[in-house]
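Here the structure is laid out as structure tokens; the discussion comes afterwards.
The values are calculated or read from the model by the stated rules, or taken from the named source; none is laboratory data. Because the structure is predicted, anything quoted here is derived from the model rather than measured. Cβ placement follows ideal geometry from the backbone for every residue including glycine, while neighbour counts extend to all protein chains displayed.
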Amino acid sequence: MTISLQPQERLLMDAQEMGRALSRISHEILERNKGIDGVALVGIRTGGVFLAQRLATRIQQIEKREVPLGELDITLYRDDLSIRKDQPEIRKTTIPFNISDMKIVLVDDVLFTGRTIRAALDGLMDLGRPAEIQLAVLVDRGHRQLPIRANYVGKSIPTAREEKVQVFFEELGQDDRVSILSS
Amino acid sequence: MGLQRKDLLTIAALTVDEIQLILTTAESLKEVGGRDIKKVPALRGKTVVNLFFEPSTRTRTSFELAAKRLSADVINFSPSTSSIVKGETLIDTARNIESMQADIIVLRHPSPGAAENLARSVRSSVINAGDGWHEHPTQALLDMFTIKEKKGRVEGLTVVIVGDVAHSRVARSNILALTKLGAEVRVVAPPTMLPDSIEHFGVTVFYRLDDALIGADVIIMLRLQRERLSRALLPSIREYAKLFCLTPERLNLAKPEAIVMHPGPLNRGVEISPSVADSVAAVILDQVTNGVSVRMALMYLLSGSGERSTLNE
């Protein structure tokens with residue numbers, strides 16, 4: 001299958017690599033938690049939600065059991081709300097289970113400064129007291145501004161600060177892939 | 001995103017897109033009210049001042065709760081306890097409040113246009129919580145939210161507004177919002193309670209409640225403002241109740257799934273019979289719950305313009 005890349009786009013992972021990384025992460029989640037008892041996946045909107053859904057499908061195929069799945073919008077917990085000129089759009093948080101005493105695997109597409117994850121941790125804590133929170137990301141691109149580290153990483157990719165890493169999703173009508181977009 | 005305006009003063013000035021943005025944001029924020037910890041940090045460090053020149057428990061509490069759920073600090077000002085009794089003007093009061101670094105001022109005032117007047121004089125965002133007989137935009141927005149939540153849409157619905165339309169800011173704001181969103185609006189009341197040329201607002205006028213209710217999807221009952229009886233609008237409360245009280249028999253004339261709304265406080269047995277007020281058709285308490293979400297959405301969206309635009313004077 002040939003993918004049509006945008007101009008200024010450099011491919012980092014194709015659809016196959018993305019699929020393999022997610023399969024490996026699914027196994028790592030099961031290994032680390034010794035199954036899925038008390039485990040739930042929570043995707044951070046928007047990219048993390050698609051990835052959490054894909055992980056849930058894979059885990060269900062392996063374990064023959066459904067894993068609880070939630071969607072988290074972190075907008076209200078951003079640390080730049082009072083300095084931005086324009087308010088970001090608020091979308092829905094849907095977590096249809098009680099997260100207290102659960103082992104929550106937070107899922108995001110790209111780990112960069114760590115500020116999104118900080119906001120997500122605060123958001124989750126307001127919804128209950130999980131036994132544990134783990135972090136799964138498809139891409140770790142470095143340049144952390146907060147002491148945050150992922151438990152499961154699809155691929156670590158060295159990047160320059162000013163570069164833009166974007167994950168494309170089939171769910172959005174795109175060809176699955178991860179790319180660097182240079183401006 | 002965000003509203004590209006400093007203040008929320010009227011429904012008349014809002015575009016359909018702005019109304020939809022407020023309703024969608026409120027829908028996302030509704031989940032916060034269902035949590036154990038009903039608080040998010042979005043407006044941390046912001047100050048909201050409730051400036052109420054008319055008695056109100058429901059609206060003021062709703063704004064206060066909305067601000068607190070967004071982690072803003074709230075101050076309540078009411079005239080009986082403040083310098084207004086000493087002769088200070090509205091603008092001077094507001095400028096003093098602004099000097100205390102208020103980000104949002106919520107104003108209820110008996111004079112039409114008071115909120116617009118205030119908005120021109122201060123840099124803080126102003127939200128109109130009712131100005132005389134003019135508008136009550138947040139009530140209309142929460143009514144639109146409730147209709148959308150219960151019926152899935154506003155467009156194409158038949159909505160009946162019953163009662164003293166002429167002296168109701170709730171009716172005026174609702175007529176504007178409903179017609180903008182594409183509903184078919186009917187008003188029904190004794191002729192003394194309908195303004196001249198109300199047809200120009202794009203509504204159909206009825207004088208008999210039974211006629212108006214046939215085929216209705218939504219019925220909005222207005223409170224009979226007893227304080228207005230001295231103005232000779234009505235012979236008596238009993239006669240009004242006989243002709244305009246929403247009873248179970250009359251409700252049967254509307255569509256089977258019709259909903260009944262009321263901005264509160266209820267006059268049971270006057271404009272609405274107790275059995276209708278307590279029936280499954282009544283969504284009056286949902287309106288109260290939704291009011292908090294809608295006001296949260298407005299405060300969030302208005303606090304977006306990081307640097308306050310200069311006064312439009």
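Some values worked out for this structure:
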| read-out | value |
| --- | --- |
| Strands (runs of 3 or more DSSP E) enclosed by region A:5-106 - at least 2 residues per element that are over 20 Å from A:V139 (Cβ atoms) | A:39-44, A:69-72 |
| Of residues in region B:1-25 being among the β-branched types (V, I, T) and within 12 Å of another protein chain (Cβ to nearest Cβ), the one nearest to the chain's Cα centre (by Cα) | B:I22 |
| Members of region A:58-101 that are more than 9 Å from chain B (Cβ to nearest Cβ) and within 15 Å of the chain's Cα centre (by Cα) | A:L69, A:G70, A:E71, A:L72, A:I74 |
| Pair list, Cβ < 6 Å and 6+ apart or interchain, from region B:26-47 residues that are within 7 Å of another protein chain (Cβ to nearest Cβ) and under 16 Å from B:F63 (Cβ atoms) to residues that are crowded, with 17+ Cβ neighbours inside 10 Å and of a type in the set (F, W, Y) | B:A42/B:Y300 |
| A:L138 vs. criteria loosely packed, with under 14 Cβ neighbours inside 10 Å, out of contact with any Pro (no Cβ under 6 Å at 6 or more places or on another chain) and of a type outside the set (S, T, N, Q) | no |
| All positions within region A:142-178 that are buried (at least 19 other Cβ atoms within 10 Å of the Cβ), part of a loop (DSSP other than H, G, I, E, B) and more than 13 Å from the chain's Cα centre (by Cα) | A:D176 |
| Unique residue being within 30 Å of A:P96 (Cβ to Cβ), at pLDDT 90 or above, surrounded by 21 or more Cβ atoms within 10 Å (Cβ to Cβ) and in contact with a helix residue (DSSP H, G or I) (Cβ under 8 Å, 6 or more places away or on another chain) when the list is B:V40, B:V106, B:V49 | B:V40 |
| Elements of type strands (runs of 3 or more DSSP E) in region B:123-188, at least 2 residues being among the charged types (D, E, K, R), surrounded by fewer than 24 Cβ atoms within 10 Å (Cβ to Cβ) and at negative phi | B:184-188 |
| Search result, residues across region B:240-261 that are farther than 16 Å from B:E149 by Cβ and in a loop (DSSP other than H, G, I, E, B) | B:C245, B:T247, B:N252, B:L253, B:A254, B:K255, B:P256 |
